[in-house]
């Protein structure tokens, strides 16, 4: 399976974490992400839907959503919260859909949680119709490469090892009585760019939004981006361009 199976072990923790309004930074960053999306079209797929909050937000914006994940527990939670939605158990690297089935693919903070990110990008491109788009958010490669040395707004950001290469990460957080352990992989920006290039996708937009709110405990994230967001196009067939 290409999906990170650690999410099944953390499923109950994640449902509680994600469904506490304002608890995590999704509530601050989601508007920046949705501003990248094209208008709702024929069919949207969300890859790595988790407990379904992005799928629910997509549906509220008029998208006809099919959402997939590899965690049965999270899929059950998503379907229970949105019984008119379509939630399917699937591997990001082997999506159970025909070519050109969708005109938008969304991967919100899921590409860094799959074991084979380039394969997941290839599958997203395969199920997109020509002219379709992939919109994704990932933990920013710079943020994944280091850490702040302290909590203050002016704390130095330190890269102690290397920015380059695929790296395993794990981090445990506790906030307001809720606990969550995040596990996945970190990639440099070039790895994402090469994955899109190999899948035949062309970057249309790329954003590095600073922390958008005045929370004094998060002001350091106005100096270093926490997330990288992009939209990529699957070009329609046309005359070949000269090399």
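Checking residue 153 against (1) within 26 Å of residue 193 (Cβ to Cβ); (2) surrounded by fewer than 17 Cβ atoms within 10 Å (Cβ to Cβ): exactly one of these is not met. Which one?
Condition not satisfied by residue 153: (1).
If a residue has to be under 12 Å from residue 47 (Cα atoms) and at pLDDT below 95 to count, how many in the range 72-90 make the cut?
Total meeting the criteria: 0.
If I go through the range 4-37 residue by residue, how many of them are surrounded by 15 or more Cβ atoms within 10 Å (Cβ to Cβ), at pLDDT 95 or above and not in a helix (DSSP H, G or I)?
Of the residues in that region, 2 qualify.
Has the range 116-124 got any residue that is modelled with pLDDT under 95, in a loop (DSSP other than H, G, I, E, B), touching a strand residue (DSSP E or B) at 6+ places or on another chain (Cβ under 8 Å) and buried (at least 17 other Cβ atoms within 10 Å of the Cβ)?
Going through the range 116-124, the residues modelled with pLDDT under 95 turn out to be 116.
Restricting the remaining residues to those that are in a loop (DSSP other than H, G, I, E, B) gives 116.
Imposing the further condition that a residue be touching a strand residue (DSSP E or B) at 6+ places or on another chain (Cβ under 8 Å) reduces the set to none.
The answer is no; no qualifying residue exists.
I need the full set of residues from the range 85-111 which are surrounded by fewer than 24 Cβ atoms within 10 Å (Cβ to Cβ), touching a residue at least 60 places away in the same chain (Cβ under 8 Å) and not in a strand (DSSP E or B), in order please.
Listed by number, the residues that qualify are 93, 109.
From 50, 41, which residue is at positive phi and touching a residue at least 12 places away in the same chain (Cβ under 8 Å)?
Of 50, 41, the one residue that is at positive phi and touching a residue at least 12 places away in the same chain (Cβ under 8 Å) is 50.
Name, by its number, the condition in (1) surrounded by 17 or more Cβ atoms within 10 Å (Cβ to Cβ); (2) touching a helix residue (DSSP H, G or I) at 6+ places or on another chain (Cβ under 7 Å); (3) closer than 20 Å to residue 36 by Cα that does not hold for residue 189.
It fails just one condition, (1).
Got at least one residue in the range 149-166 being touching a strand residue (DSSP E or B) at 6+ places or on another chain (Cβ under 9 Å) and closer than 21 Å to residue 107 by Cβ?
Yes, because at least one residue in the range 149-166 is touching a strand residue (DSSP E or B) at 6+ places or on another chain (Cβ under 9 Å) and closer than 21 Å to residue 107 by Cβ.
I'd like to know if the range 39-48 contains one or more residues that are more than 16 Å from residue 123 (Cα to Cα) and buried (at least 24 other Cβ atoms within 10 Å of the Cβ).
So far as the range 39-48 goes, no, none of its residues is more than 16 Å from residue 123 (Cα to Cα) and buried (at least 24 other Cβ atoms within 10 Å of the Cβ).
Do the conditions hold for residue 63, that is, is it in a helix (DSSP H, G or I) and touching a residue at least 40 places away in the same chain (Cβ under 8 Å)? Give the derivation first.
Working: in a helix (DSSP H, G or I): no; touching a residue at least 40 places away in the same chain (Cβ under 8 Å): yes.
In short, no.
(1) at pLDDT 95 or above; (2) surrounded by fewer than 20 Cβ atoms within 10 Å (Cβ to Cβ); (3) touching a strand residue (DSSP E or B) at 6+ places or on another chain (Cβ under 7 Å); (4) part of a loop (DSSP other than H, G, I, E, B): which one isn't true of residue 1, the others all being true?
(1)
The values are calculated or read from the model by the stated rules, or taken from the named source; none is laboratory data. Source: prediction; values computed, not measured. Because the Cβ atoms are built from the backbone with ideal geometry, glycine has one as well, and the counts that use them run over all protein chains shown.
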